[in-house]
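Read the structure below first, then the notes.
Computed from the coordinates by the stated procedures, all read-outs in this text should not be read as laboratory data. All of these numbers come straight from a predicted model, not from anything done at the bench. Cβ: placed from backbone, ideal geometry, glycine included. Neighbour counts: every protein chain shown.
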């Protein structure tokens with residue numbers, strides 16, 4: 001049921017909304033619970049997404065997210081990889097919502113068409129250590145709001 005409330009699927013396109021208060025099945029590891037009207041925080045220094053049902057070919061992936069940037073934590077570095085292939089490295093220095101775009105080459109995707117996307121988050125930190133008054137002890141890096149994926153000409 002969670003996927004039905006948070007996912008739009010077309011023949012060559014997938015959109016997953018993470019701000020609807022449900023936790024979709026694409027969140028494999030390293031994610032907190034869903035926060036309505038906000039998104040899902042990464043927890044720890046590694047987070048994994050699993051996107052299925054995409055047609056063959058290169059896959060275009062867009063992540064809409066907001067980094068945890070605070071005094072003493074002026075940037076969040078995000079490394080994106082899929083199936084052992086490095087796709088991009090980003091340094092996010094403002095706390096505004098951002099979009100990250102990567103392409104997963106067709107030759108690294110398995111025959112079942114899935115995309116396993118790994119986020120390396122070396123700057124994850126606990127808000128309780130960086131924001132006055134915060135009691136949040138989770139080690140967070142980015143708040144994921146939406147995933148868009150297309151393959152096979154979409």
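So if each residue of separation counts as 0.36 nm, and I subtract the Cα-Cα distance between residue 111 and residue 134, what length gain in nm does that give?
On the way: separation 23, 0.36 × 23 = 8.28 nm, distance 4.55 nm.
Extra length available between residue 111 and residue 134 comes to 3.7 nm.
Using Cα pairs closer than 8 Å and at least 6 residues apart in sequence, work out the relative contact order for the chain, in percent.
33 percent
Compute the convex hull volume of the Cα atoms of the range 2-151, divide it by the residue count, and report the result per residue in Å³ as a whole number. Write down the numbers at each step before the final one.
Working: hull volume 14.2 nm³, N = 150.
Here the figure is 95 Å³ per residue.
Using the Kirkwood formula over every pair of different C-alpha atoms, what hydrodynamic radius in Å results for the range 1-77? Spell out each step's value before the answer.
On the way: mean 1/r = 0.0718 Å⁻¹.
Hydrodynamic radius (Kirkwood, Cα only) of the range 1-77 equals 13.9 Å.
Of 99, 7, how do they rank once you tally other Cβ atoms within 10 Å and put the fewest first? Each step should come with its number before you reach the end.
Details: 99 11, 7 18.
Ranked by crowding around the Cβ, least crowded first: 99, 7.
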